[in-house]
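The values are calculated or read from the model by the stated rules, or taken from the named source; none is laboratory data. Please read these numbers as outputs of a predicted model, since none were measured by experiment. Note that each Cβ is placed from the backbone with ideal geometry, even for glycine, and that neighbours are counted across all protein chains shown.
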Ligand code: MSP
């Protein structure tokens, strides 16, 4: 089994913000979960460095696009480990190997008869690097995303014959209802297709910052075709990858780039005779004050600052817990602090420290290898399977919720059984053993399942439980790992801020 997950590649026109961190975190949770299943995983992220968004930003700073790309690509590259992202490769579209694949694949698309010369005339947003139809623009000819005035473009281009794929795309959507999720996004893409596909520019004549068109060096490829091909090109040269891992299992994207991934990309792959990805999952926007968080709107939260104060795990948890994955959601420092205190510190942190403290106090640190309390069988028995099933559907918030219900169940269990009362009565020693061991195993199960979300905290917690195995098998209720051996010590997992 292999699992290949991607994030969009990020524009290097500015520094990373929380919106970029969000997709990377989500992809990382999926990658880590699939590694726990013993699958061969490849997780790709990187930077999109060509086109107008980057050329214009560099121009405004009075530097060369390559210099701006080099500077900001490093910031994106540095963000990944700070988020605890376990990406296997970081692609830059200025990598010469990528550029060569773009030229090769798009030349093949032309040989296959899907490229012709024409004139483009219409609206264009240089920030989106997107050509806009009349019905897609706001009053005053403005971009609905960036609110800037659109430019009127007239250019001699090579076109990609998108319209040739009208019926094949309709068939794809009819046959594979899970090609795009959530359902609202599937419907949106399908209705775009049904409204009638028009051919799109494949090259730009006015720009020089891009991958040169091999059959006409006066042109560079339109940045979106160059960018989309990263998902395929990376496999041809990233260490540890190979093209047999194509097609991707999941492309995770934000809703702003749906059309490129759900319409242009499958059409381009068909034109190049390459297989289509299995799933495109579309998440919503992180909103600040009701608007998409974006550098150009100036309303961004700096992920580096949040990580410095609370750690990457807390950020990962907050974003996937507070904003249902697949929908838009507001983020704020107040909501972040609330989740941190009430859930991470109080519910998980206290459960862990109480459980360990009781085993140390009453059993000299060794939870007995006894049968567990059957009362929790129903809650924990099929849990790992349920989580795997939800993550298979990219339901990352849903999976976190079912795990968290068990964290709460264990907290209730402590209160119901009151081990401190049992400890006062020697005749109830066996009962105390059962309760403590049930708590230790429950903690092990939730820790293994939370590992993709909270890799650092769960490493410490599982370390204190003496458990080295991080595989999904270790989340089985029937496994006896962590019983019968001395537990270690644990510093507070989520210290309260002073
Ligand atoms: N370079 C293109 C993508 C090419 S993929 C072949 C691009 N880059 S971007 O940097 O502008 O945005 C990339 C992605 O960042 C978005 O699709 C989304 O995944 C994420 N986000 C950027 N801002 C966001 C929010 N405010 N909220 C959530 N995610 C957002 O588009």
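Kindly check whether there is at least one residue in the stretch 268-285 that is in a loop (DSSP other than H, G, I, E, B), within 11 Å of the ligand (Cβ to nearest atom) and surrounded by fewer than 23 Cβ atoms within 10 Å (Cβ to Cβ).
Our first condition is that a residue be in a loop (DSSP other than H, G, I, E, B); within the stretch 268-285, this holds for 272-278, 284-285.
Subset that is within 11 Å of the ligand (Cβ to nearest atom): 284-285.
Cutting the leftovers down to surrounded by fewer than 23 Cβ atoms within 10 Å (Cβ to Cβ) gives us 284-285.
The answer is yes; a qualifying residue exists.
If a residue has to be more than 8 Å from the ligand (Cβ to nearest atom) and more than 16 Å from residue 74 (Cα to Cα) to count, how many in the stretch 6-26 make the cut?
Here the count works out to 3.
Yes or no: residue 73 under 20 Å from the mean Cα position of the chain (by Cα), farther than 19 Å from residue 233 by Cα and either more than 11 Å from the ligand (Cβ to nearest atom) or assigned to a helix (DSSP H, G or I) (or both)?
Details: under 20 Å from the mean Cα position of the chain (by Cα): yes; farther than 19 Å from residue 233 by Cα: no; either more than 11 Å from the ligand (Cβ to nearest atom) or assigned to a helix (DSSP H, G or I) (or both): yes.
No.
Considering each residue of the stretch 214-232, count those that are more than 9 Å from the ligand (Cβ to nearest atom) and under 17 Å from residue 41 (Cα atoms), and give that number.
1
Taking only pairs six or more apart or across chains, which ones have beta-carbon atoms under 8 Å, a first residue in the stretch 10-34 that is under 18 Å from residue 285 (Cα atoms) and touching a residue at least 12 places away in the same chain (Cβ under 8 Å), and a second residue that is near the ligand (Cβ under 8 Å from one of its atoms) and part of a helix (DSSP H, G or I)?
Short answer, once both residue conditions are applied: 10/20; 11/53.
Return yes when residue 341 is more than 15 Å from residue 396 (Cβ to Cβ) and in contact with a helix residue (DSSP H, G or I) (Cβ under 8 Å, 6 or more places away or on another chain) and no when it is not.
Working: more than 15 Å from residue 396 (Cβ to Cβ): yes; in contact with a helix residue (DSSP H, G or I) (Cβ under 8 Å, 6 or more places away or on another chain): no.
For residue 341, the condition - more than 15 Å from residue 396 (Cβ to Cβ) and in contact with a helix residue (DSSP H, G or I) (Cβ under 8 Å, 6 or more places away or on another chain) - is not met.
Is the stretch 149-167 home to any residue that is surrounded by 15 or more Cβ atoms within 10 Å (Cβ to Cβ), closer than 21 Å to residue 269 by Cα, touching a helix residue (DSSP H, G or I) at 6+ places or on another chain (Cβ under 6 Å) and modelled with pLDDT of 95 or more?
yes
Which residue is modelled with the lowest pLDDT, if the candidates are limited to the stretch 311-336 and must be touching a strand residue (DSSP E or B) at 6+ places or on another chain (Cβ under 9 Å) and part of a loop (DSSP other than H, G, I, E, B)?
First, pick out the residues of the stretch 311-336 that are touching a strand residue (DSSP E or B) at 6+ places or on another chain (Cβ under 9 Å): 319, 322-323, 325-332.
From the residues that got through so far, the ones that are part of a loop (DSSP other than H, G, I, E, B) too are 323, 325-328, 331-332.
Numbers: 323: 96, 325: 98, 326: 98, 327: 97, 328: 96, 331: 90, 332: 86.
Here the answer is 332.
Considering only the stretch 233-252, how many residues are within 13 Å of the ligand (Cβ to nearest atom) and assigned to a helix (DSSP H, G or I)?
2
From 402, 435, which residue is part of a helix (DSSP H, G or I), more than 15 Å from residue 357 (Cα to Cα) and out of contact with any strand residue (DSSP E or B) (no Cβ under 9 Å at 6 or more places or on another chain)? If you could, list the steps in order and put the result at the bottom.
Working: 435 fails: more than 15 Å from residue 357 (Cα to Cα).
Exactly one residue qualifies, and that residue is 402.
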